[in-house]
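Report on the following structure.
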Amino acid sequence: MTTDVPQIDASASVLEAVNLMNEKRRSGIIVFEAGKPAGMFTERSLLRRFVPMDKKASAVTLREVMAPLLKIDADASIKDAASMILENSFTRAGVFKGDKLVGWLTLTDIVRAGSKKSIVDSIRRGNTKFADDELVCPACSSAVMKKVVNARGVILRWECPNCGHQE
């Protein structure tokens, strides 16, 4: 787990976020709103959410482009954490003790914890997915996203029951 994760307010611009990421030499930051973790902004967010907008980085707030924050309990095993992150196509997840963010876990952190082959084998055997209460809505930060699946159980999207935001 990485404990020194840069943090920024959701009202900050994409330009401010990218400058902070460059200054701290990080590929992502945690976005806070009203003092609570609300989402994350990563290189992936920059490429997939911001660039297609074709706007100036100083004119777009993180609130508009941040990704949801996947939540992992600080006591979760590496196997469960790796499964949760990979099976849901994330690159990282916030690590929480209760409601308090204590850091985040990235795929790089997981690979460092053990050999890549053994982790992939563990995931295939365990087939663990995260619980429905572990994905914070990036739009309202006051509810958790609920997964919407098709008849085969494949995740189609995530929806916030509070504000209707979809991912």
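What the table shows:
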read-out: Calculated FRET efficiency for the pair Asp73/Thr108, C-beta based, R₀ 22 Å, to 0.05; value: 0.65
read-out: Residue order, fewest to most surrounding Cβ atoms within 10 angstrom, among Lys100, Lys147; value: Lys100, Lys147
read-out: Two-site FRET efficiency, Thr61 against His165, from Cβ-Cβ distance with R₀ of 25 Å, rounded to 0.05; value: 0.95
read-out: Among 148-158, 39-49, the order from most to least packed when residues are scored by Cβ within 10 Å on average; value: 39-49, 148-158
read-out: FRET efficiency, 1/(1 + (r/R0)^6) with R0 25 Å, evaluated for Thr3 and Ile155 via beta carbons; value: 0.25
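Laboratory data are not the source of any read-out in this text; all were calculated from the coordinates shown. Everything quoted here is computed from the prediction, not taken from an experiment. Glycine also receives a Cβ, built like all others from the backbone with ideal geometry; neighbour counts cover every protein chain displayed.
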